[in-house]
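Peer 1: To start, I am sharing the structure in question, which I have written as structure tokens.
The values are calculated or read from the model by the stated rules, or taken from the named source; none is laboratory data. Please read these numbers as outputs of a predicted model, since none were measured by experiment. A quick note on method: Cβ atoms are made from the backbone with ideal geometry, for glycine too, and the neighbour counts reach across all protein chains shown.
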Amino acid sequence: MAENMRFILIDKIVSLDSGKEIKALKNVSLAEEYLADHFPTFPVLPGVLLLEGLIESASWLVREAENFAHSMILLAEARNVKYKSFLAPGGQIEYTVQVRTIEENVSSFTGIGASDDERIVEAKFGLRHFNLADENSAMAAVDAKVIENMKQRWKILSSG
């Protein structure tokens with residue numbers, strides 16, 4: 001069953017200052033599959049998923065700034081990650097991610113996640129961005145499909 005799980009850790013983009021900063025929200029529901037296995041008697045959003053929310057927020061900054069030039073945006077490094085509290089079902093976290101640099105294939109950020117004005121997670125991290133066709137030209141169609149899917153998700157996340 002775990003191999004079918006798909007984590008989308010951003011529900012809505014609240015604001016975007018292109019190439020500079022993004023604010024995004026995540027609501028935690030008791031219905032989320034991973035909560036059944038992660039501290040079943042004390043369900044909280046796992047720390048690695050708190051960090052992933054920062055990474056996912058930053059990836060939207062990269063996609064928007066580069067006009068969706070890359071299909072793959074992956075974590076390259078995370079430093080100074082600090083978990084300061086828990087986020088339980090019913091809670092909401094607001095991620096604020098600021099750009100340090102965005103270059104053609106790499107970028108770096110600082111980010112915080114807060115709930116009710118209390119910091120829950122903070123980190124400095126770097127991403128790498130590329131297309132699968134960079135290594136294998138036969139993958140260009142896959143790149144195009146991934147990028148199109150990301151554009152569709154962007155419309156949903158950034159609307160209203």
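Peer 1: For the condition of a type in the set (A, V, I, L, M), in a strand (DSSP E or B), within 17 Å of Val28 (Cα to Cα) and in contact (Cβ under 8 Å) with a residue 24 or more places away in the chain, what is the one hit in Val121, Val81, Val99?
Peer 2: Details: Val81 fails: within 17 Å of Val28 (Cα to Cα); Val99 fails: within 17 Å of Val28 (Cα to Cα).
Only one candidate passes the filter, namely Val121.
Peer 1: Moving on. If a residue must be charged (D, E, K, R) and farther than 30 Å from Ile102 by Cβ, how many such residues does region 30-62 contain?
Peer 2: Number satisfying all stated conditions: 3.
Peer 1: Is it the case, given these coordinates, that Ala138 is assigned to a helix (DSSP H, G or I) and farther than 17 Å from Glu56 by Cβ?
Peer 2: yes
Peer 1: Moving to a separate point now. Hey, can you tell me all the residues within region 84-96 that are part of a strand (DSSP E or B) and among the charged types (D, E, K, R)?
Peer 2: Matches in region 84-96: Glu94 only.
Peer 1: Right, next: Among what's in region 83-111 and is modelled with pLDDT under 95 and of a type in the set (D, E, K, R), pick the residue that is surrounded by the most Cβ atoms within 10 Å (Cβ to Cβ). Give the steps one after another, and end with the answer.
Peer 2: Our first condition is that a residue be modelled with pLDDT under 95; within region 83-111, this holds for 84-91, 104.
Applying the additional criterion that residues be of a type in the set (D, E, K, R) yields 84, 104.
Working: Lys84: 13, Glu104: 10.
Ranking the candidates gives Lys84 first.
Peer 1: Can you name the number of the only condition in (1) buried (at least 18 other Cβ atoms within 10 Å of the Cβ); (2) over 26 Å from Asp134 (Cβ atoms); (3) in contact (Cβ under 8 Å) with a residue 60 or more places away in the chain; (4) in contact with a helix residue (DSSP H, G or I) (Cβ under 8 Å, 6 or more places away or on another chain) that Leu49 fails?
Peer 2: So Leu49 meets the others, but not (3).
Peer 1: Can you pull out the residues in region 124-135 that are part of a helix (DSSP H, G or I) and free of Cβ contacts under 8 Å to residues at least 40 places away in the same chain?
Peer 2: Correct list: Ala133, Asp134.
Peer 1: If you don't mind, another one. Hey, could you check region 27-45 for residues that are part of a loop (DSSP other than H, G, I, E, B) and loosely packed, with under 15 Cβ neighbours inside 10 Å and say which is modelled with the highest pLDDT?
Peer 2: Within region 27-45, the subset part of a loop (DSSP other than H, G, I, E, B) is 28-32, 37-45.
With the extra rule that they be loosely packed, with under 15 Cβ neighbours inside 10 Å, the set shrinks to 29-31, 37, 39-42.
Working: Ser29: 87, Leu30: 81, Ala31: 81, Asp37: 72, Phe39: 73, Pro40: 73, Thr41: 81, Phe42: 81.
Here the residue is Ser29.
Peer 1: Still on this structure, please answer the following. Among (1) part of a strand (DSSP E or B); (2) surrounded by fewer than 17 Cβ atoms within 10 Å (Cβ to Cβ), which single condition is Ala24 missing?
Peer 2: Unmet for Ala24, out of (1) part of a strand (DSSP E or B); (2) surrounded by fewer than 17 Cβ atoms within 10 Å (Cβ to Cβ): (2).
Peer 1: So Val44 ticks every box in (1) under 16 Å from the mean Cα position of the chain (by Cα); (2) under 18 Å from Ser85 (Cβ atoms); (3) in contact (Cβ under 8 Å) with a residue 40 or more places away in the chain but one. Which box is left unticked?
Peer 2: With (1) under 16 Å from the mean Cα position of the chain (by Cα); (2) under 18 Å from Ser85 (Cβ atoms); (3) in contact (Cβ under 8 Å) with a residue 40 or more places away in the chain applied to Val44, the lone miss is (1).
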